[in-house]
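> Before I ask anything, let me first share the structure, which is written out below as structure tokens.
The values are calculated or read from the model by the stated rules, or taken from the named source; none is laboratory data. The structure displayed is predicted, hence computed values, not measured ones. Every residue, glycine as well, gets a Cβ built from its backbone with ideal geometry; the counts of neighbours run over all protein chains shown.
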Amino acid sequence: MKPQAVKGTHDILPAQVPAWRQLEQRVRQTLERAGAGEIRPPVFEHTETFIKTAGESSDLVVQKEMYTFTDRGERSLTLRPEFTPGFLRAYIQHGMHTWPSPVRLWGIGPVFRAENVQRGRYRQFHQVNYEVLGSDSALIDAETIALLYDALSATGLRNLRVRLGSVGDPDDRSAYNDYLREQLSPVADKLTETSQERLRLNPMRLLDAKDPGDRALIEKLRRPLEFLGSAAANHFAEVQDWLRAWDIPFDIDDSLVRGLDYYRRTAFEVHHLGIGAQSALSGGGRYDGLVESLGGPPTAGIGWAFGVERVLDALEEEGQQASDAERPLVFLVALDTEAVAEVAGLSRELRREVAVGYTLTSRKTARGLKDADRSGARFAALRGERERAAGTFEVKNLADGTQHTVAEDDLRRWLLDWENS
Ligand code: HAM
């Protein structure tokens, strides 16, 4: 049997890399113009960093989605299932609360979750993650959501829709959770096992239930937005005012809850109106108090992450293609053995300025031209006994078939002139 990558993981092959690179470049530019600094935290952290932040009713913990292992020093370590805890740990460790506030950080890289694999749901996937630490203002919430919208738009995506909700302050949440317990405990035996567990640990997560029986029971109930206290309600209204002023298209979702427990007040997702079941490209929200729970100073925070694979899927669905990988400008063809050494040496020189391919053995003209064509090169430059005697290359434009005799000393200039014309 051929060796296989682990289920839920993928190779990103050379033909796919240009799309990744283009996305990263556009997103980096958008975020860095907005004052975000890139951070590259380690891929694994102490397990407790993730447990303390995710919360005991999160899918990461309940569904055992973390890749956790014990190292030789008997430490429990975990491959990051999200970036947020590592960013916050770094914020505390490096005393970033003394930096000019708010601190805006972004990062990109692989994250790991032991999930059920399906289209758009993998075990190693990639996130672009963004966090703002040190401000609790509604303006920052709106700026953060707008920046997500702008970063996704910069990738070329259209058909984006923001779903906006609020999970309230802790008191609002516990009032809503009490309400849900009161309503659902008498019918708990009619709920699926997962929902019963959510009812025990964090009833609000029930709003995420997919089972039709569960949904029927839940849909009759009041929504979390109805339980917002006045502080959270005013904050929520202000966020909406800003977004309207900036023409960010959004829908209010009165029962938006997220798979992680740390959110307070503003929560949001961005969906794509094309990719179907896994339409959530991105999610995030405010998490004041989370830095404190990791042992740092009281700090307000808000952020988001988007799934790179899902965004690339959505771009493909929209028929958008990234520019190709760099192809050779010229492919040097050796027509005899002596020419092999000549073209190999010349390639090294020309590669300081342009992409170059060459034949590793001597070729007949027709075969050499075929090799050049397969390489995707614009020009083939042939070198054999005749050219050596004349001190030239025979250059063929593979796109239009025209031929030119170019002096060997002029080849570099000739190619560069063509490229810059
Ligand atoms: P999340 O909603 O768990 O949030 O993940 C964010 C995005 O990652 C999702 O919207 C989705 O596009 C992508 N994603 C999640 N799981 C998978 C998977 N198994 N396969 C492929 N893509 C996936 C967070 O991770 C939070 N840390 C976001 C955040 C940052 N909140 C505040 N700051």
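> Regarding Arg388, is this residue touching a residue at least 24 places away in the same chain (Cβ under 8 Å) and closer than 19 Å to Asp324 by Cβ? Working first, answer last.
Working: touching a residue at least 24 places away in the same chain (Cβ under 8 Å): yes; closer than 19 Å to Asp324 by Cβ: no.
No, not satisfied.
> Looking only at the stretch 373-394, which residues are of a type outside the set (S, T, N, Q) and within 20 Å of Arg352 (Cα to Cα)?
As a first pass, look at the stretch 373-394 and keep what is of a type outside the set (S, T, N, Q): 373-374, 376-391, 393-394.
Residues satisfying the conditions are Gly376, Ala377, Arg378, Phe379, Ala380, Ala381, Phe393.
> To continue, here is another question. State yes or no: is Thr49 assigned to a helix (DSSP H, G or I), under 30 Å from Leu139 (Cβ atoms) and within 10 Å of the ligand (Cβ to nearest atom)? Before the answer, list the steps.
Numbers: assigned to a helix (DSSP H, G or I): yes; under 30 Å from Leu139 (Cβ atoms): yes; within 10 Å of the ligand (Cβ to nearest atom): no.
It is false that Thr49 is assigned to a helix (DSSP H, G or I), under 30 Å from Leu139 (Cβ atoms) and within 10 Å of the ligand (Cβ to nearest atom).
> A further question on this structure: For the stretch 356-377, how many residues meet the condition of being of a type in the set (Gly, Ala, Ser) and under 20 Å from Glu419 (Cα atoms)? Write out each step before concluding.
Of the residues in the stretch 356-377, the ones of a type in the set (Gly, Ala, Ser) are 357, 362, 366, 368, 372, 375-377.
If we keep only those that are under 20 Å from Glu419 (Cα atoms) too, we end up with 357, 372, 375-377.
Residues flagged as of a type in the set (Gly, Ala, Ser) and under 20 Å from Glu419 (Cα atoms) within the stretch 356-377 amount to 5.
> Show the residue pairs meeting these rules: Cβ distance below 6 Å; 6+ apart or different chains; first residue within the stretch 405-416 and in the same structural domain as Ala334 (by TED's automatic domain parsing); second residue surrounded by fewer than 17 Cβ atoms within 10 Å (Cβ to Cβ).
Glu408/Gly391
> Under 8 Å between Cβ atoms, at least 6 apart or on separate chains: pull out the pairs that start in the stretch 47-58 with a residue that is within 16 Å of Gly301 (Cβ to Cβ) and end on any residue that is surrounded by fewer than 23 Cβ atoms within 10 Å (Cβ to Cβ) and among the basic types (Lys, Arg).
That search, which allows pairs on different chains as well, returns Thr49/Arg89.
> Between a residue in the stretch 3-22 that is touching a residue at least 40 places away in the same chain (Cβ under 8 Å) and loosely packed, with under 13 Cβ neighbours inside 10 Å and any residue that is among the small types (Gly, Ala, Ser) and in a loop (DSSP other than H, G, I, E, B), which pairs come within a Cβ distance under 7 Å, given they are 6 or more apart or on different chains?
Taking only residues 6 or more apart or on different chains, the pairs are Pro14/Ala325; Val17/Ala325.
> With the requirement that a residue be closer than 15 Å to Leu225 by Cβ, more than 10 Å from the ligand (Cβ to nearest atom), in a loop (DSSP other than H, G, I, E, B) and not acidic (Asp, Glu), what does the stretch 246-261 give you? Reasoning before the result, please.
Initially, the stretch 246-261 is screened for residues closer than 15 Å to Leu225 by Cβ, giving 250-258.
When the remaining residues are screened for being more than 10 Å from the ligand (Cβ to nearest atom), the result is 250-257.
Narrowing further to those that are in a loop (DSSP other than H, G, I, E, B): 253-257.
Those that are closer than 15 Å to Leu225 by Cβ, more than 10 Å from the ligand (Cβ to nearest atom), in a loop (DSSP other than H, G, I, E, B) and not acidic (Asp, Glu): Ser255, Leu256, Val257.
> Follow-up question, since we're still on this one. Could you name every one of the strands (runs of 3 or more DSSP E) located completely within the stretch 68-183 that has at least 2 residues being touching a helix residue (DSSP H, G or I) at 6+ places or on another chain (Cβ under 6 Å)?
Numbers: elements: 68-70, 76-79, 103-112, 124-133, 160-166.
Answer list for the stretch 68-183: 76-79, 103-112, 124-133, 160-166.
> If Gly8 satisfies all but one of (1) assigned by TED's automatic domain parsing to the domain that holds Arg113; (2) at positive phi, what's the number of the condition it fails?
Unmet condition: (1).
> Right, something else. Taking into account only those residues within the stretch 268-286 that are of a type in the set (Gly, Ala, Ser) and surrounded by 24 or more Cβ atoms within 10 Å (Cβ to Cβ), which is farthest from the chain's Cα centre (by Cα)? I'd like the intermediate steps shown before the answer.
Filtering the stretch 268-286 for residues of a type in the set (Gly, Ala, Ser) gives 274, 276-277, 279-280, 282-285.
From what's left, surrounded by 24 or more Cβ atoms within 10 Å (Cβ to Cβ): 282, 284-285.
On the way: Ser282: 9, Gly284: 13, Gly285: 17 Å.
Taking the candidates together, the pick is Gly285.
> If you scan the stretch 390-409, which residues turn out to be surrounded by fewer than 18 Cβ atoms within 10 Å (Cβ to Cβ) and either over 19 Å from Lys364 (Cβ atoms) or among the polar types (S, T, N, Q) (or both)?
Answer for the stretch 390-409, where residues must be surrounded by fewer than 18 Cβ atoms within 10 Å (Cβ to Cβ) and either over 19 Å from Lys364 (Cβ atoms) or among the polar types (S, T, N, Q) (or both): Ala390, Gly391, Asn397, Ala399, Asp400, Thr402, Gln403, His404, Thr405, Ala407, Glu408, Asp409.
> Quick one: Glu419 ticks every box in (1) over 42 Å from the mean Cα position of the chain (by Cα); (2) outside any loop (DSSP other than H, G, I, E, B) bar one, so which box is it?
Condition (1) is where Glu419 drops out.
Residue-wise test of (1) in contact (Cβ under 8 Å) with a residue 24 or more places away in the chain; (2) more than 20 Å from the chain's Cα centre (by Cα).
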site: Ile252; (1), (2): yes, yes
site: Asp288; (1), (2): yes, yes
site: Ala300; (1), (2): yes, yes
site: Gly307; (1), (2): yes, no
site: Gln320; (1), (2): yes, no
site: Glu338; (1), (2): yes, yes
site: Ala341; (1), (2): no, yes
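> If you don't mind, another one. Can you find a residue that is more than 10 Å from the ligand (Cβ to nearest atom) and either within 15 Å of Ala300 (Cα to Cα) or surrounded by fewer than 16 Cβ atoms within 10 Å (Cβ to Cβ) (or both) anywhere in the stretch 114-133?
Going through the stretch 114-133, the residues more than 10 Å from the ligand (Cβ to nearest atom) turn out to be 133.
Still in the running and either within 15 Å of Ala300 (Cα to Cα) or surrounded by fewer than 16 Cβ atoms within 10 Å (Cβ to Cβ) (or both): 133.
Taking every residue of the stretch 114-133 in turn, at least one turns out to be more than 10 Å from the ligand (Cβ to nearest atom) and either within 15 Å of Ala300 (Cα to Cα) or surrounded by fewer than 16 Cβ atoms within 10 Å (Cβ to Cβ) (or both).
Rundown of residues vs (1) at pLDDT below 95; (2) over 30 Å from Arg28 (Cβ atoms); (3) within 16 Å of the ligand (Cβ to nearest atom); (4) surrounded by 19 or more Cβ atoms within 10 Å (Cβ to Cβ), yes/no style:
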site	(1), (2), (3), (4)
Leu164	no, no, yes, yes
Ser195	yes, yes, no, yes
Ala231	no, yes, no, no
Arg244	no, no, no, no
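> Can you find even one residue in the stretch 53-64 that is touching a strand residue (DSSP E or B) at 6+ places or on another chain (Cβ under 9 Å) and in the same structural domain as Gly285 (by TED's automatic domain parsing)?
From the stretch 53-64, those touching a strand residue (DSSP E or B) at 6+ places or on another chain (Cβ under 9 Å) are none; that's our starting set.
Within the stretch 53-64, none of the residues are touching a strand residue (DSSP E or B) at 6+ places or on another chain (Cβ under 9 Å) and in the same structural domain as Gly285 (by TED's automatic domain parsing).
> I'd like to verify a number: residues in the stretch 55-90 that are in contact with a Ser or Thr (Cβ under 9 Å, 6 or more places away or on another chain), under 21 Å from Arg264 (Cβ atoms) and within 12 Å of the ligand (Cβ to nearest atom), how many?
Residues in the stretch 55-90 being in contact with a Ser or Thr (Cβ under 9 Å, 6 or more places away or on another chain), under 21 Å from Arg264 (Cβ atoms) and within 12 Å of the ligand (Cβ to nearest atom): 5 in total.
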